[in-house]
Amino acid sequence: MIRRLINKVFGKTARPKTVAGPRILALEAHGIRREQIHPCALKTTRALKAAGYSAFVVGGAVRDLLLGHEPKDFDVATNALPEEVRQVFRRSRLIGRRFQIVHVYCGGDTIEVTTFRAATADKGADKDFEADEDDDSRVTADDGMLLRDNVFGNQAEDAERRDFTVNALYYDPDTEEVWEWHGGVEDARNKVLRIIGDPAQRFREDPVRMLRAARFAAKLDFHIDPATRAPIAELATMLERIPSSRLFDEMMKLLLSGHAERGVRQLRAEGLHHGILPMLDAILDDPERQKFLHAALHDTDQRVRQGHSASPAFMLACLLWFDMRAESQRNQPAGRSDQSALFEAMDAVLERQRRVLAFPRRFDGTIKEIWTLQTRLEQRSGARPFRLLAHPRFRAGYDFLTIRALGGDAAQELADWWKRFPDASDSEREAMLLKPQPGSAKPKRRRRRKTTVEGEGAIEVKLG
Ligand code: ATP
Ligand code: MG
């Protein structure tokens, strides 16, 4: 019923399913100059063309350049088959199974080269690449979900299988032309995120496209076209079927994009936060946690936008902080020490989370360090603050503390103290130290520790 209504309202603006040919735009119409393309991407398209293939810069890079943003990476699309791409470049590697691509290495950079894919609607229609009866190059589940897609095709088909119109733009560095098949340039101008083809079908094929919609809308400051948006609420539960490692990667792309605050708001608006990140669900339902989360996202966004690193481990530490503390408090009445309650709680929370969202174990160490540092940062007497400065995660622990202070979860005075302490002079530091609490380090040890620490003080500690 709702869909019928939407079709009625938006049917007129819906694009035709197949397009006769590309619209080719010259430099004046789009403004993307050859010099804006990464030298490695230029080398890659040139070598492919010299070998007799067609090759374009495609996807996010063209979209971002068109919008005046700096591209994150450069992808190349070609009609050469993956093995043929491998033969053109000595330094290259075939990767992926669900979706095969070739990585071409150039200096320290990597260019992803993708062979044109056939569109999903007319399965096996392309004569040149017709699949065998029992070929498994494209596997579709009963509900329409695309499990593997390695059926190759021509550029028109490749454009049709891409997700959004602004992501289906092809740039030829030789001619400085943009080839568009689905009106992406106009959509970019109007700041519209529009899926190519039938929205419900495209989201069923790959539910992750729903998360991508939220991410791109936030990152590009676009609005999601109403017809594209309409089926999302109903199909959101399909995300439960996505392997949790892929969900984790996609969530981290959103949370570390520099536009996480807006991204999370967008997820919530689309009803996509349930299930994917249960911790997000819980956080957004509780005002206290929400305040903390927004402080964390805001801080991370700023950091990323200033070109600093932000790590998945830090983000996970933020997302799970309240759960961990609640768990730790539950452990304490059993007459246990703070420390053992804390360690047990950390393990329990990480394990429980991992059952829902498979994040790599290699992050555990950092997450736990950031958490345990929170108690240690409260100790501001004797030798302890000096020792802490030399801790490899001091910076991350301190950043976490500032977020807690912003979120009303720690004293601002404590965060300010730690802001001043590392850069203070010896005498200022002495004056800043609080009176030793009973049981803290003896003054005699402090002197020795202090010298050691000062020597190491110059080491830059990078987050993550
Ligand atoms: P980013 O700036 O995040 O890298 P991007 O658009 O380049 O954005 P990628 O994930 O790098 O995104 O994918 C490159 C291109 O491949 C996209 O622009 C899109 O055309 C296509 N693509 C990627 N994922 C999908 C998908 N799930 N379904 C359809 N097309 C996709
Ligand atoms: Mg990309």
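What follows draws every value from the coordinates through simple rules; no lab data is involved. Worth saying up front: this structure is predicted, and the values here are computed from it rather than measured. Here Cβ is always computed from backbone atoms with ideal geometry, including for glycine, and neighbour counts include all displayed protein chains.
Brief remarks on what is shown
- Charge dipole of the stretch 312-432 about the Cα centre (unit charges at C-beta), most positive-ward option of GLY382, TRP418, ILE370: ILE370
- Rounded, prolate or oblate (a/c below 1.5 giving rounded, otherwise prolate when a/b exceeds b/c) for the stretch 238-382 by Cα gyration tensor: prolate
- Whole-angstrom gap from the stretch 255-269 to the stretch 61-102, using each part's C-alpha centre: 27 Å
- In a reduced charge model with +1 at each Lys and Arg Cβ and -1 at each Asp and Glu Cβ, the stretch 312-432 shows a dipole moment near 380 debye about its Cα centre.
- Potential extension, GLN302-ARG376 segment - 0.36 nm per residue separation minus Cα distance: 24.0 nm
- Legend: Rg and Dmax of the stretch 31-79, from Cα coordinates, 10.7, 32 Å.
- Using θ = phi - 60° and Karplus 6.51 cos²θ - 1.76 cosθ + 1.60, couplings along the stretch 353-362 (whole Hz; Gly, Pro as x): 4, 5, 5, 9, 10, 6, 9, x, 5, 5
- Restricting the trypsin sites (Lys or Arg not before Pro) of the stretch 141-250 to loop positions (DSSP other than H, G, I, E, B) with no more than 16 neighbouring Cβ atoms within 10 Å leaves LYS191.
- Taking other C-beta atoms within 10 Å as the exposure proxy, SER54, SER340 rank SER340, SER54 from fewest upward.
- Net charge dipole size for the stretch 276-375 [Lys, Arg +1 and Asp, Glu -1 on Cβ; Debye, nearest 20]: 220 debye
- The stretch 230-253 and the stretch 308-376: distance between their alpha carbon centers, rounded to Å: 25 Å
- Three-way shape call for the stretch 134-271 based on the alpha-carbon gyration tensor, with the a/c threshold at 1.5: oblate
- Each label was represented as a point 7 Å from its Cα along the Cα-to-Cβ direction; for ALA358 and ASP143 these points are 1.8 nm apart.
- Anisotropy class assigned to the stretch 312-432 is prolate, per the alpha carbon gyration tensor with a/c at or over the 1.5 cut-off and a/b larger than b/c.
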